[in-house]
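Encoded as structure tokens, the structure appears first; notes follow it.
The values are calculated or read from the model by the stated rules, or taken from the named source; none is laboratory data. Since this is a predicted model, take the numbers as computed values, not measurements. Heads up, the Cβs are rebuilt from the backbone with ideal geometry, glycines too, and the neighbour counts pull from every protein chain shown. What goes into the accessible areas is simple: the full protein's heavy atoms, side chains included, and nothing from ligands, DNA or RNA. Shrake-Rupley method; radii C 1.70, N 1.55, O 1.52, S 1.80 Å.
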Amino acid sequence: MADLRTARIESSTVKRIQSVHGIRGKAAVLTAALLLLAGMPLSGQPLEFGLTPPELELVPSPGGTASGVLVVFNRSPRRVRFRVTVEDIYIRPSGTVDVLKPPSTSWSVAAMSRIQPAEFDLDPDHQIPVRVSVTVPADARGGRYGALIVSPSPVLQMTGVRGTIAVITPKLAAKLLVPIRGTEVVQGDLINMLAAARPGGKGADIKIVFKNTGNVHVRARGTLVLLDAAGRALGKVELDESIVLPGNAREFAVPWTKPLDPGTYTARATIDFGGSVLLAGETTLIRKP
């Protein structure tokens with residue numbers, strides 16, 4: 001098993017250090033979540049729509065079909081008509097998720113997907129299972145990705161001010177992740193680290209950039225440790241887990257809020273992305289008098 005390259009990256013102050021052998025991270029436990037892509041009502045009775053799970057992962061073989069269930073529920077006091085579509089997804093380095101009209105990405109799963117039912121009415125305090133099926137070509141490799149968008153029909157809300165009416169159309173979304181069985185290449189690289197002291201010794205700002213160099217999504221997480229000139233650890237910060245799509249990067253922005261005396265420090269990061277090794281790197285931080 002090869003270690004990381006030892007060459008420095010000229011565009012960065014990151015210094016590669018020996019990789020640490022690790023095991024694949026366990027899958028995250030999925031819980032019900034509601035993601036609003038548009039605003040909630042400004043007034044009136046809350047519109048309580050939802051879906052679960054927030055991520056649906058299907059794993060077909062090349063040329064095969066895999067399916068799963070998305071549950072849509074209506075806890076509002078009125079009957080609502082819903083429509084379910086598959087659109088493209090892009091995750092920015094900051095972690096922000098963008099939904100795009102297909103086909104907008106090389107990993108689009110929209111044309112391979114089938115939704116049943118795709119449109120339905122849901123009474124108050126009811127829910128419905130929606131079956132999502134994905135059929136991939138025989139020559140497909142790596143992963144395909146998208147977003148399941150659940151769009152309710154427009155709802156009229158009274159503001160209570162001289163009968164003013166607002167039309168609210170909140171949307172719900174769940175990630176659709178489709179790695180193709182037996183074709184996955186899980187690779188990653190720590191490509192950049194930057195660290196800058198804040199004025200007046202009020203901590204520092206540290207950025208760690210991980211890139212997914214494989215062909216399927218990975219879940220990257222890790223830790224950052226700050227060391228003083230004597231090598232003593234001053235503290236540790238956990239980096240939240242984040243999905244990184246193939247070929248994309250994830251920037252972990254870490255604010256170090258503890259005061260720093262003048263001197264030289266080392267910021268050391270370790271990234272676990274589910275590969276056969278952990279990635280590790282470090283950069284120097286100088287706090288001037």
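Observations, loosely collected:
- For residue 76, distant residues with modelled amide H under 5 Å away: 48, 125
- Neighbours of residue 63 by Cβ distance under 12 Å: Lys/Arg scored +1, Asp/Glu scored -1, total +1.
- Anchor residue 207: aspartates and glutamates whose Cα lies under 17 Å away (excluding residues fewer than 8 positions away in-chain): 10, 189, 238, 240, 241, 251, 272, 282
- Integer Hz, Karplus 6.51/-1.76/1.60 couplings in order for the range 252-261, x for Gly and Pro: 9, 8, 10, x, 8, 8, 7, x, 10, 6
- Applying the Karplus relation 6.51 cos²θ - 1.76 cosθ + 1.60 with θ = phi - 60° to the range 117-131 yields 3J(HN,Hα) values of x, 8, 8, 6, 9, 10, 6, x, 6, 10, 9, 9, x, 10, 7 Hz, where x marks Gly and Pro.
- As a ratio to 2.2 N^0.38 Å, the alpha-carbon radius of gyration computed for the range 185-227 takes the value 1.53.
- Protein heavy-atom surface of the range 87-150, 1.4 angstrom probe: 49% of the accessible area is carbon and sulfur, with nucleic acids and ligands not counted.
- Probing with 1.4 Å while keeping every protein chain in the model, the per residue accessible area of the range 74-122 equals 55 Å².
- Once the 1.4 Å probe is applied to the protein heavy atoms, the range 196-248 comes out at 43 Å² accessible per residue.
- Surface share of carbon and sulfur [accessible, 1.4 angstrom probe, percent] for the range 218-267: 50 percent
- Shown in residue order for the range 279-286 are the 3J(HN,Hα) couplings computed by the Karplus curve 6.51 cos²θ - 1.76 cosθ + 1.60 at θ = phi - 60°: 9, 9, x, 8, 9, 8, 10, 10 Hz (x for Gly and Pro).
- Amide H to amide H, with H built 1.01 Å from N, residue 248 comes under 5 Å of 212, counting only residues 5 or more places away or on other chains.
- Sequence-distant residues sharing a close amide H with residue 100 (under 5 Å, placed H): 88, 89, 90
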